[in-house]
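> Take this structure, written in structure tokens, and hold onto it; I'll ask about it next.
The values are calculated or read from the model by the stated rules, or taken from the named source; none is laboratory data. If you're wondering where the values come from, they're calculated on a predicted model, not measured in any experiment. In this analysis, Cβ positions are derived from the backbone assuming ideal geometry, glycine residues included, and neighbour counts consider all displayed protein chains. Quick note on the areas: whole protein, heavy atoms, side chains included, nothing else; ligands and nucleic acids left out. Shrake-Rupley method; radii C 1.70, N 1.55, O 1.52, S 1.80 Å.
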Amino acid sequence: MKSILLHVDADQSFEARLQVALDLARANDGHITLLQSVSYEVFAPGDFYGSAMAAAMPRIKEAAEELRAKVEADLANEDVSWEFRFLYGMAENHLLEQSALQDIILIGPNDIGEEEMRRPSSMAGELSIKAPAPVMVVPGDAKGLKVDGPVLVAWNGSAEACVALRAALPLLAKSTNVYLASVAEEDDQQRYDFPVSEAAMYLDRHGVSSEVVSIPRGKVSIGDTLFSAAAMRDCSAMVMGAYGHSRLAEMLVGGVTRQVLSEPKLPVLLAH
């Protein structure tokens, strides 16, 4: 993961994902591309002629330039390779465009302007389904990323889980412990197109040892069950397949993906 695409925005989780980007870059001798986007496509309610937005845009642009100056000043003291790209338009569109030659995309858990929402980020859903690179969603309380720390892989035997496993291989190769975790459910027979043993053999071929873990379902959601399992094992990140499809620009992510994205407890790497 040498090419790291980082979404720049003045949200509460930006500092956390910046630290994750720096940790990844240092561990991989990598390069960070910081992408900041300011959109003209946001309008105030009832502002039919765009006059309120036109009046607000100079301040929005000024705030964006102030953030850029601060970030560049901070990065000048860091020992990593980086570049800053400033674009006009919707952030998710530009992140998707720029992701073709990136190894990982780092974003926050909330959509722009929705800091207090506890619902899946449409940006995270859109990118995890459409982008050719895996997406890592970083919560605001993350203290960077211990790149060689334990990683929990959420395994349900689906094609999406296989794609996520392959996408995360560079991260897993540096991990001290890789846990292939399955949450036991009544319909396991139907779910396992790819048994967890095949995932373990795939990793073994790449020199990555893993431990297979079967977790009882319990009464809480699968998302909370996975986060609890990761916390018990002191995991630094979680890997899972992204389930869903795109319809009329709205990302409808599957049940477990929705649970995990609503309030992630640690950095989560997603791929579809």
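> Which residues, taken from segment 72-93, are of a type in the set (A, V, I, L, M, F, W, C) and within 24 Å of residue 126 (Cβ to Cβ)?
Selection gives 84, 86, 87, 90, 91.
> Could you tell me which residue of segment 26-53 is nearest to residue 91 (Cα to Cα), considering only residues that are open to solvent by less than 20 Å² (accessible area, probe 1.4 Å), at pLDDT 90 or above and hydrophobic (A, V, I, L, M, F, W, C)?
For segment 26-53, the residue satisfying everything is 35.
> Of everything in segment 2-25, what is more than 22 Å from residue 60 (Cβ to Cβ) and open to solvent by less than 20 Å² (accessible area, probe 1.4 Å)? Give them in sequence order.
Answer for segment 2-25, where residues must be more than 22 Å from residue 60 (Cβ to Cβ) and open to solvent by less than 20 Å² (accessible area, probe 1.4 Å): 4, 5, 16, 20, 21, 22, 24, 25.
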